[in-house]
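Right, one structure below, let's go through it.
Any read-out appearing in this document is the output of simple, stated calculations on the displayed coordinates, not a laboratory observation. Because the structure is a prediction, the values reported are computed rather than measured. Counting neighbours? That spans all protein chains shown, and the Cβs are built from the backbone with ideal geometry, glycine included.
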Amino acid sequence: MTRSHLEAALRAYAERFPTEHLTVTRFLQLVEAWPTCLLREYMPGHLTASGWVVHQDSDSVLLTHHRKLDKWLQLGGHADGDPDLPGVAVREIEEESGIGEVTAADLRGVPLDIDIHEIPPHGDVPRHFHYDLRFGYTTPHRLPPVVSDESHDVAWVPLAELDSYTDEESMMRMRKKWRALRRRV
């Protein structure tokens, strides 16, 4: 993914979700620092990529109980200089769960969701922001996930039960977007 490709994807996202134009503007401002914004050392924030992975038959989403943040979230992580952000999301899904067979949802190159969230200070890393691009994926197999050292747990969570795992606004927003996408297919 090049800078111009990412900018085009963000503009298409803004057209699809016009109420999120302020978030898109902040993303575009960060992307001006290309390729520096792909590095976790770039402060006050940097790009990350994550995957909203849904088992195609059971309508369950793959979530991790993140060790540092102590929250149930989608799987994802730092770009670490890699401009292939959908590829980063797939790499993180496999690293954090052992699930390797995922297929990108047909979103025409546009992320399912974008989010800017604060990361509290940890060790010698100061407070900063993750500018997270969230890509939608499906998988035909509901394999038992493997828990990595970055998580307390990894689980398949029925979308209807998501509220009992998290009250994160962005997680509810992704569920709503995913359901709307599935109705269109």
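Computed values, structure above
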| item | result |
| --- | --- |
| Burial ranking of peptide ranges 163-169, 106-112, 58-64 (average Cβ count within 10 Å, highest at the top) | 58-64, 106-112, 163-169 |
| By average C-beta atoms within 10 angstrom, highest first, the peptides 30-41, 14-25 | 30-41, 14-25 |
| Simple Cβ-charge dipole of region 125-181, Lys/Arg +1 and Asp/Glu -1, about Cα centre, in debye nearest 20 | 400 debye |
| For region 3-184, fraction of C-alpha pairs farther apart than 30 Å, in % | 13 percent |
| For region 34-95, alpha-carbon Rg and Dmax in angstrom | 13.0, 41 |
| Rounded if a/c under 1.5, otherwise prolate or oblate - region 1-58, Cα gyration tensor axes | oblate |
| Derived scalar couplings ³J(HN,Hα) [region 35-48; Karplus, 6.51 cos²θ - 1.76 cosθ + 1.60; whole Hz; x for Gly, Pro] | x, 4, 5, 7, 9, 5, 6, 6, 10, x, x, 7, 6, 10 |
